[in-house]
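Note sheet for the following structure.
Nothing in this text is a laboratory measurement; each read-out follows from the coordinates by a stated rule. Bear in mind the structure is a predicted one, so any value in this text is a computation, not a measurement. Note that we place each Cβ from the backbone using ideal geometry, even for glycine, and neighbour counts take in every protein chain shown.
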Amino acid sequence: MQRPDSWEQFDAYFSDIFGEPLSYTCCARPGDVESRWLPYLGNGFIATQPKSNWIFMDGLFSGSKTTSHRACIPSPTVWLAKPAVLRAGEDGMQLMDCGQTYWMHFGMGLFLQELHHQNFKIFVTTFISRRRPDLLVRLVEVHYLNDSAEFDEIVVEPDTNVILDKSSDCVFSVKEIEDAVIISGATREAESDEFQPDVLKFYMCTNATPKALAHGFSLSRSRPSRYFLTTLGRSSAEEAVNAFNSALRATADGSYQLFIEQAEEWRDLWNDGCIVLDCGGPDKCKLDDCPVNQMSHVIQVAQYSLLTCLPTKLMPPFNADPNGCVFYALCPTGLSRGNEKMDYMGHVFWDMELWMLPWINLFHPEACRLALDYRYHTLPAARHRARAENFEGARFPWESAHTGVETSPWDLSGQNEIHVVGGVSVAVQQWLLTHLPNVDCYQSPGLDIAQWEVIESPDHPYKSDISDEDWYRTIGRILLEEVARFWNSRMVYSLEKQAYEVLSVMPPDEYTSCCRNSSYTNAIAGLSLSAPATFARVYDDPLPEVYTEWEKKAGQIWMPRDVKNHLMLEHEDYKLGTCVKQADTVLLSFPLMYSQPYEWRRKMIDYYAEVTDPNGPAMTWCIFSICALDLDDFDRAADYFSRSLQHVQPHFYTWTETRKGTGASNFLTGVGGFLQSIVNGYLGLRIQLMDHKLITIDRPCIQPLSHQVATLHLSPKSRLPLPQTKQLLRLNSLHFQKRRLRIEADYGHSKIRLALVSGSPLYVGQRREGEWKFDVKLSVDEKPVQLDFQPLCIVPSFGP
């Protein structure tokens, strides 16, 4: 099928990033794809899907506590065009049947319905603007294929009625203005009496009204296109109307200005960071049971789906509440869904920190920081819950929505699945390691980290536009402290074991509702307890005595082991052979990097791969693949990688929670796991601290003030399981220590090319004679450095 001609004008924006246009566009017959698997449209503030009844707004929830869910705003674009149009004939209006195709432009977020007839084509294009975060655009246009006058006027009819004043979640008032309507809405019920004093409000202005669409609308040679615009806001009807009028002016005389803005914003977003796979042609997975026939599309669509949930700018213009949260974080099914239990009601889980943020952290650090700010914003509720349960610090809920109170409808997980608290700390740690340099690695005028005060409470006003350095002092450090304080109070000391225990928990394996000493929970508790002291040293910050006390306890947490079989056990009472729901104990090897002998790590995947539910959540096999690659077991890594791809649904490469297609649709947790299998698995990327004594650079430099330095490790090994000889994996604009890198792994020739795009120089270390030798320098504007596949360690320069 030939893609829409109107898209050719945007190819110049994306060809340098992705290559051929067909590499970022997909199509399908309407009958070949379920509506729940249609692509997402969104910008981090508002989102929807084609044919969805609803628009969802970031942070807009209705329902009290465990009934809280994303509030449904009726969508003015619920309709598409009927696959038959009317034209005026001698005997009145005549019906003309049309074929139809769905197209998606993943480069710039356009969904297009094409109706094709031998005399004309009709395009119905829908997108959510990234430059104007409150705007939803629908353009309907006719392209004539000949000069026949008999088809001069065509009537297009919607296939669904538009109803703008009905939702079980909201109450409305509707006001007509000229050719549009203004809707003022409010949720029916607040989430929490303690932390939400009133219901939430929103405002919408649209010209896609029931009146305008009731009998269809005409297109002609003199008026070949028609825009339907919808704007939404939090603060007032006036705000929505002003945004609507501004967008309307941009469409004068059929202008493509809104499309050009969209292309520019998405181009900049992709240039800010992305992964691209180039195989020089179709790249069908070579494994027989893998349904994917275009791996490059899977990689691009995975990133696109996450980006639809993220705001572009650090200080978005659409937050009306100065005390509110700028961004209400990430749900397993994104912002385009979330009103039903199957879509996790729009709640935030551990999925965000452990599965989705790792890719975002590397390529879009500002958005990652905003997601972590959400946890800071919900600290009051987390602290309140900890106190109510006689603990200290902050107990973040298993499921969180607008306020941070527990919203899980499953009481067992809400009460027992506390490993989510440790996930918050790990995500903060990874952000700091990746983006905030050691004090000696970054020269910042006026910055004196040694003089930073320890702030004990977050009562000061929240600001999202603070510097990264101030973010650590005012937000990041507080999150690390409060999580450590919680684990310190939650553990109990066992005289019998001479160690600390964490009792009565649910591990990631939710087939186990309550256990003692979950390996994953205990390990992440240890990482959380040691973090405040670790980062105080890294940044030469004050080191309170309580930090070192927590750090000491981190090394005294009991871990369940089967010494006879050289196997870490899921929990203390785990019986060998018991089925496991999903990746759990294997998470010790990655991402927690828990120290284990080689044989134990091998036994980890040998055993747990056999007992893990084959119809479990999508992200599970990605972790097994990463762990197998770490052991140089390439055949099994390919097998596990293939298993993860069985969750990808044609034709728009949507992920589902299970391989049967059941559970959550557009399952972004699986998307995040898949992207980790590419970056952390097949490229072998790790960001971790290294003792500065191991870093010797052959040039004069000052002695680092801190004991450890953040380093970026790469270890490309096996090719992806594709038949092509050419496999070029590009990481465009990977962010590290206030620099941006371009990394190209050429699997066909076993070469890796490194280039510094921006920032101060970096040094590349290679292993020689049992130690790291840092004798390769990366500088901006210099030619890329090409090296053979081998373990590499990249460090920032020290001193001036």
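Of K717/K783; K175/K201; K497/K603, which sit over 19 Å apart, Cα to Cα? Correct reply: K717/K783; K497/K603. Its Cα centre serving as origin, the chain has a Cβ charge dipole (Lys and Arg +1, Asp and Glu -1) of approximately 1040 debye.
Place a +1 charge on the Cβ of each Lys and Arg in the stretch 691-796 and a -1 charge on the Cβ of each Asp and Glu, then give the dipole magnitude about the Cα centre in debye, rounded to the nearest 20.
Numbers: 17 positive and 10 negative charges, 63 e Å.
For the stretch 691-796, the charge dipole is close to 300 debye.
When only Cα pairs below 8 angstrom with a gap of at least 6 residues are kept, the stretch 28-103 shows a relative contact order of 25 percent. Loop-located GluC sites (Glu not before Pro) in the stretch 726-800 (DSSP state not H, G, I, E or B) with no more than 16 neighbouring Cβ atoms inside 10 Å: E769, E782. Note on the stretch 691-796: Rg/Rh from C-alpha atoms, Kirkwood Rh, equals 0.99. For a 26 Å ceiling on Cα separation, which of these pairs sit above it: K82/K211; K65/K552; K341/K575; K581/K660; K552/K773? Long pairs (Cα-Cα over 26 Å): K65/K552; K341/K575; K552/K773.
If packing is taken as the mean number of other Cβ atoms within 10 Å per residue, what is the order of 723-736, 419-432, 645-658, highest first?
419-432, 645-658, 723-736
Between the stretch 85-162 and the stretch 564-624, the C-alpha centres lie 52 angstrom from each other. Residue exposure proxy: H707, H571, ordered by other Cβ atoms within 10 angstrom of their Cβ from fewest to most, comes out as H707, H571. Rounded if a/c is under 1.5, else prolate if a/b beats b/c, else oblate: with a ≥ b ≥ c from the C-alpha gyration tensor eigenvalues square-rooted, which is the stretch 183-287? Oblate shape, in that a/c is at least 1.5 and b/c is the bigger or equal ratio.
When all alpha carbon pairs of the chain are counted in 20 Å bins from zero, the resulting P(r) reads 16, 49, 30, 5, 0 %. Of the residues W266, W7, the one with the fewest other Cβ atoms within 10 Å heads the list, and the complete ranking is W7, W266.
Using C-alpha pairs below 8 Å separated by at least 6 residues, the relative contact order for the chain is 12 percent. In percent, rounded to a whole number, the relative contact order of the stretch 290-674 is 17, using alpha-carbon pairs under 8 Å and six or more apart.
Helix 419-435 and the long axis of the chain differ in direction by around 90°, with both axes built from C-alpha atoms. Arranged from fewest to most other beta-carbon atoms within 10 Å of their beta carbon, T407, T187 become T187, T407. Assuming R0 = 25 Å, can you tell me the calculated FRET efficiency for the pair S513 and N615, based on Cβ-Cβ distance, to the nearest 0.05? Step by step, r from the Cβ atoms, then E = 0.80.
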